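Working notes, beginning with the structure itself.
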Amino acid sequence: MNILVVDDEKLIVKGIRFSLEQDGMDVDCAYDGEEALELMEKKREPDVLITDIQMPVMNGLKLVEETKKRYPEVLSVIVSGYQEFEYAKQAIAFGVCDYILKPIVPSEFAKLIVKIEDKLRQKYYKERNVLM
């Protein structure tokens, strides 16, 4: 699974990356939404986008919206220190797969990754059956 982690807090990015790489995931990182979109264009589209909401240059909600337009198959997850309903409502409108709060609880994050892996397995299973 290829995951793109986007957050302007380098310590958060480092922690998420370490956790995911320990589980054998391929992880790319960016520190704002614009950098993330450029990385997707240059390198590859990720299976999963994990992004903070509040970042300079381009916030996470705009990043999720742009990612959905360009790469509709990407699963998006918002990681935020904000519990405001309006953010969650916008995130749902943009089709995020989940919304988790900072500080990230490792056991909850592990459950989230299992949930995402299951969604991807189902997606790939359906695609494979269509091809056959």
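The values are calculated or read from the model by the stated rules, or taken from the named source; none is laboratory data. It should be emphasised that the depicted structure is a prediction, and the values quoted were computed from it without experimental measurement. No Cβ is skipped: glycine too gets one built from the backbone with ideal geometry, and neighbour counts run over all protein chains shown. The protein model used for the area step is the full one, side chains on, heavy atoms only, and it has no ligands, DNA or RNA in it. Shrake-Rupley method; radii C 1.70, N 1.55, O 1.52, S 1.80 Å.
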In terms of the charge dipole of the chain, which places +1 on Lys and Arg and -1 on Asp and Glu at the beta carbon, the residue among VAL130, GLY95, VAL48 farthest towards the positive end is VAL130
Measuring from the longest principal axis of the C-alpha atoms of the chain, the long axis of helix 10-22 (C-alpha) lies at a number of degrees, nearest 10, equal to 30
The farthest towards the positive end of the charge dipole of the chain, of the residues LEU11, TYR31, THR67, given +1 on Cβ of Lys and Arg and -1 on Cβ of Asp and Glu, is THR67
Descending accessible area (1.4 Å probe), largest on the left, turns LEU37, LEU75, LEU101 into LEU101, LEU75, LEU37
Over the chain, the sum of -39500 (n - 2.57) across DSSP H runs of at least four, divided by residue number and rounded to 500 deg cm²/dmol, gives at 222 nm -17000 deg cm²/dmol
Cα-based Rg/(2.2 N^0.38 Å) for the chain, rounded to two decimals, is 1.00
So, over other residues within a Cβ distance under 12 Å of LYS68, counting Lys, Arg +1 and Asp, Glu -1, the net charge is -1
Treating only Lys and Arg (+1) and Asp and Glu (-1) as charged, each at its beta carbon, one finds that the chain has a dipole about its Cα centre, in Debye to the nearest 20, of 480
Pseudo-spin-label distance LYS69 to GLN54, built 7 Å along Cα→Cβ, given in nm, is 2.5
SASA check, LYS68, accessible area w/ 1.4 Å probe, all protein chains in place, rounded to nearest 10 Å², comes out at 50
Other residues with Cβ under 11 Å from the Cβ of ILE53 give, with Lys and Arg +1 and Asp and Glu -1, a net charge of -3
